[in-house]
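Participant: What follows is a structure written as structure tokens; I'll ask about it next.
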Amino acid sequence: MPQHDVKQQQEATTHDIVLVPGDGIGPEVTAAARRVVDAAGVAVHWIDGPAGLEAVRVAGTPLPEATVEAIRRARVALKGPTATPFGGSYRIVFESGGRDGTPRSYPSVTVALRKELGLFVNVRPVRSYPGIASRYQGVDLVIFRENSEDLYLGIERMRDADTAEATKIITRGATERVARFAIDYMQRTGRRRVSIIHKSNILKLTDGLFLEAAQAVLSQAPGIEVSQRVVDAACMDLVMNPEACDCLLLPNLYGDIVSDLAAGLVGGLGVAPGANIGSDCAMFEAVHGTAPDIAGRGAANPTAMILSAVMMLRYIGEADAAYRIDAALSAVLADKACVTPDLGGTAGTRGMADSIVARLQARA
Ligand code: ATP
């Protein structure tokens, strides 16, 4: 197809994307990401998806089933952080729509969305950006965290008044599924080395199964070098020589912990993007939370949310726009003249987004 026809065809595609503004700094950073995506010329039909405290106010629940349904239909969501409105024993309950018709209950909006939409892997790229102060430069790695099982199933009980018990579940099926996803992602992005992270020297059955099942799948992938490391040694490798890491595949709990450790290597939560991906749907969200201490001040760093939107654009086939936004953001970060206070600047969220938009338009 001639180049101009390809372009026209791309211009004709309008993507349905559910935008979940969320709580705290969520509305500020998602608005910045939306502006940048629009300024890159991607045709998006944004669908409002209330969740969190605002949803409690308007719909009486932190996660209306209509929001889940909207994401199921659109297949893509860009999500701001959401607060879990009640502490203690509060849970989100869905009465309908389950496979076996029984109610399902979840401890938080994010867990509910991951489970309801079958988002089985959490992908977190960790990359150094010039201009962002951090202990390391030249870090460029990707973490694949299994998202559906392990201790996060929340199966806990008191065996007696003084003994608490949690159940760790690892299945061959879920492990093979996340390993196959890692292969596909690595092949599409030209990555060559993956390390399976586990603690099978102690947890011989559960982590032993994770290691064995992941190895069996990954070793079939041509051109991919597979290694394995116990999680404690992997943490030491990461803080001593993160530049040497390429891809890491982990069960849910280690994945959660190691992801934040890795984010800290390159400048912290303000710059860490993420994606939750399933077979039919994907939800893109920054790693950081609602940051109530700076919410409403227009001072939140929109970088993590914009980088999450960049991942989203690659997922929906808008690689050119993703590349242009990444380049414009990198230039703004490197220049340092228009960045938020956490990065040592004096700009607000909106001002930083304005600066990225100006770079995008200058390159157009
Ligand atoms: P939550 O309860 O929603 O997890 P939290 O405050 O416990 O919120 P984060 O929201 O992740 O956790 O914030 C941790 C710290 O990092 C806070 O001091 C916050 O101000 C800072 N922070 C997080 N995200 C950003 C951001 N995008 N820009 C600037 N600072 C941020």
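The values are calculated or read from the model by the stated rules, or taken from the named source; none is laboratory data. The structure presented is a predicted model; accordingly, all values stated were derived computationally and were not measured. Don't worry about glycine lacking a Cβ; one is built from the backbone with ideal geometry, like all the others, and counts go over all protein chains shown. Note: areas computed on protein heavy atoms with side chains; ligands, DNA, RNA excluded. Shrake-Rupley method; radii C 1.70, N 1.55, O 1.52, S 1.80 Å.
Participant: Restricting attention to the stretch 329-346, and to residues there that are within 12 Å of the ligand (Cβ to nearest atom) and open to solvent by less than 60 Å² (accessible area, probe 1.4 Å), which single residue is farthest from the chain's Cα centre (by Cα)?
Facilitator: So, considering only residues that are within 12 Å of the ligand (Cβ to nearest atom) and open to solvent by less than 60 Å² (accessible area, probe 1.4 Å), the one farthest from the chain's Cα centre (by Cα) is G345.
Participant: Then there's this: Does T84 meet the test of being at pLDDT below 95, part of a loop (DSSP other than H, G, I, E, B), away from the ligand (no atom under 16 Å from the Cβ) and hydroxyl-bearing (S, T, Y)?
Facilitator: For T84, the condition - at pLDDT below 95, part of a loop (DSSP other than H, G, I, E, B), away from the ligand (no atom under 16 Å from the Cβ) and hydroxyl-bearing (S, T, Y) - is not met.
Participant: Okay, next question. Listed residues I294, I306, I277; which is among the hydrophobic types (A, V, I, L, M, F, W, C), farther than 18 Å from L141 by Cβ and open to solvent by 10 Å² or more (accessible area, probe 1.4 Å)?
Facilitator: Sole residue among the options that is among the hydrophobic types (A, V, I, L, M, F, W, C), farther than 18 Å from L141 by Cβ and open to solvent by 10 Å² or more (accessible area, probe 1.4 Å): I294.
Participant: Looking at the stretch 283-318, which of its residues are more than 16 Å from the ligand (Cβ to nearest atom) and in contact with a helix residue (DSSP H, G or I) (Cβ under 7 Å, 6 or more places away or on another chain)?
Facilitator: M283, L313, R314
Participant: Restricting attention to helices (runs of 4 or more DSSP H) lying wholly within the stretch 1-79, give those where 2 or more residues are modelled with pLDDT under 90.
Facilitator: Of the helices (runs of 4 or more DSSP H) lying wholly inside the stretch 1-79, those with at least 2 residues that are modelled with pLDDT under 90 span 3-12, 53-59.
Participant: Checking A174 against (1) open to solvent by 80 Å² or more (accessible area, probe 1.4 Å); (2) assigned to a helix (DSSP H, G or I), which test does it fail?
Facilitator: The failed condition is (1).
Participant: OK, next. If I go through the stretch 322-346 residue by residue, how many of them are touching a Gly at 6+ places or on another chain (Cβ under 6 Å) and part of a helix (DSSP H, G or I)?
Facilitator: Result for the stretch 322-346: 3.
Participant: Output the residues belonging to the stretch 36-69 that are within 16 Å of the ligand (Cβ to nearest atom) and either hydrophobic (A, V, I, L, M, F, W, C) or open to solvent by 40 Å² or more (accessible area, probe 1.4 Å) (or both).
Facilitator: Scanning the stretch 36-69 gives V36, A51, L53, E54, A55, V56, L63.
Participant: Take the conditions free of Cβ contacts under 8 Å to residues at least 40 places away in the same chain and either more than 8 Å from the ligand (Cβ to nearest atom) or not in a loop (DSSP other than H, G, I, E, B) (or both) and apply them to D260. Does it pass?
Facilitator: Taking the combined requirement at face value, the residue satisfies it.
Participant: Can I ask one more? Anything in the stretch 347-364 that is surrounded by fewer than 19 Cβ atoms within 10 Å (Cβ to Cβ) and within 15 Å of the ligand (Cβ to nearest atom)? List them, or say none.
Facilitator: Residues satisfying the conditions are R350, G351.
Participant: Step by step: first the residues of the stretch 263-299, then only those that are within 15 Å of the chain's Cα centre (by Cα) and in a helix (DSSP H, G or I), then the one that is farthest from A70 (Cα to Cα). Which residue is that?
Facilitator: Of everything passing the filter in the stretch 263-299, A263 is farthest from A70 (Cα to Cα).
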